[in-house]
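Participant: Dumping the structure here so I can ask a few things about it.
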Amino acid sequence: MQLQADPTENKEEVWKMFDQISSTYDTVNRAMTGGLDIIWRKNVARLVPQHKKIDLLDLATGTGDQIISILQVNQNVQSAVGIDMSQQMLNVGIKKMESQSFKDKVSLHKASALDIPYPNESFDCVTMSFGIRNVTSPSRCLQEIFRVLKPFGKVIILESSMPSNTVLRSMHLLYLRKLLPKIGGFLSRKRSAYVYLNKTIESFPYGKEFCNLLEINKFSNSKMHPQLFGAVTIYEAEKIQEYID
């Protein structure tokens, strides 16, 4: 199918790109990370509070892998909502949920992380995996997360980053620029999607810079947990301040 425009040129339309690669998305993820993305999502799941009943929101939920990882290890999640702008990704996720024992706890909907369709202070925990670098305004996204979190709620964000070690960083950049587009393009038949992925990873703030972004947007106690020598990082922070509309 010939596309009228390349959605990777405009972040406001990047969800169209995910529609196009939805059928191969999970397979490509496993191939590009050697299956490590499963471990990273499980590490996110372990950071979700387990001492009380949890209402969970997962942003940029895609095919639902992060929700599945969390509900497999956390019995205290009483409800889990996933939102994403790609309906085709959600359709894959809905089918995956049908085989899960916790399917009645989960609902997936098309919605934007920049305009979350839920009232203030609705959720105990908000997660977002490999999604915040794709939004047009990360700060706006964080403000929306802050708004829908209950007092003392927690945000956990899994995102691509860069190793601090110079040699490892150079090797990682080589992988992103040369190998990743070839692997992703071969498996998905949509090479431009994985060229876009490379560009967003290189340009997005990471490490202390992203922790600063969390704190600028009112979050407290920000922490970072580098994975694979810093090629990926898990960030967590808390909502301590009161939300004022």
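The values are calculated or read from the model by the stated rules, or taken from the named source; none is laboratory data. Computed from a predicted structure; not experimentally measured. For neighbour counting, all protein chains shown are included, and Cβ atoms are generated from backbone atoms with ideal geometry for every residue, glycine included.
Participant: Go through (1) more than 15 Å from the chain's Cα centre (by Cα); (2) surrounded by fewer than 20 Cβ atoms within 10 Å (Cβ to Cβ); (3) at pLDDT 90 or above for residue 205 and report which single condition fails.
Facilitator: Residue 205 satisfies all of (1) more than 15 Å from the chain's Cα centre (by Cα); (2) surrounded by fewer than 20 Cβ atoms within 10 Å (Cβ to Cβ); (3) at pLDDT 90 or above except (1).
Participant: If you don't mind, another one. Pairs under 6 Å by beta carbon, first residue in contact (Cβ under 8 Å) with a residue 40 or more places away in the chain in the stretch 88-117, partner surrounded by 15 or more Cβ atoms within 10 Å (Cβ to Cβ) and part of a strand (DSSP E or B), six or more apart or different chains?
Facilitator: Taking only residues 6 or more apart or on different chains, the pairs are 106/80; 108/82; 113/59.
Participant: Only one of 241, 227 is surrounded by 15 or more Cβ atoms within 10 Å (Cβ to Cβ) and of a type in the set (S, T, N, Q); which?
Facilitator: Exactly one residue qualifies, and that residue is 227.
Participant: Please find, within the stretch 56-98, the residue that is nearest to the chain's Cα centre (by Cα) out of those that are closer than 21 Å to residue 28 by Cβ and of a type in the set (Ser, Thr, Tyr).
Facilitator: 61
Participant: Let me confirm something: among 159, 121, which residue is modelled with pLDDT of 95 or more and part of a loop (DSSP other than H, G, I, E, B)?
Facilitator: Every option except 121 fails the conditions.
Participant: Here's a follow-up. Quick check on my filter: what residues within the stretch 38-74 are of a type in the set (D, E, K, R) and either over 22 Å from residue 231 (Cα atoms) or in contact (Cβ under 8 Å) with a residue 60 or more places away in the chain (or both)?
Facilitator: Passing the criteria: 41, 52, 53, 55, 58, 65.
Participant: So which residues in the stretch 128-156 are in contact with a helix residue (DSSP H, G or I) (Cβ under 6 Å, 6 or more places away or on another chain) and either within 23 Å of residue 26 (Cα to Cα) or among the β-branched types (Val, Ile, Thr) (or both), if there are any at all?
Facilitator: 129, 132, 133, 134, 135, 136, 155, 156
Participant: Residue 32: surrounded by 15 or more Cβ atoms within 10 Å (Cβ to Cβ), assigned to a helix (DSSP H, G or I) and modelled with pLDDT of 95 or more, yes or no?
Facilitator: On the way: surrounded by 15 or more Cβ atoms within 10 Å (Cβ to Cβ): yes; assigned to a helix (DSSP H, G or I): yes; modelled with pLDDT of 95 or more: no.
No.
Participant: Filtering the stretch 178-237 down to residues that are among the charged types (D, E, K, R) and assigned to a loop (DSSP other than H, G, I, E, B), which residue is farthest from residue 20 (Cα to Cα)?
Facilitator: 218
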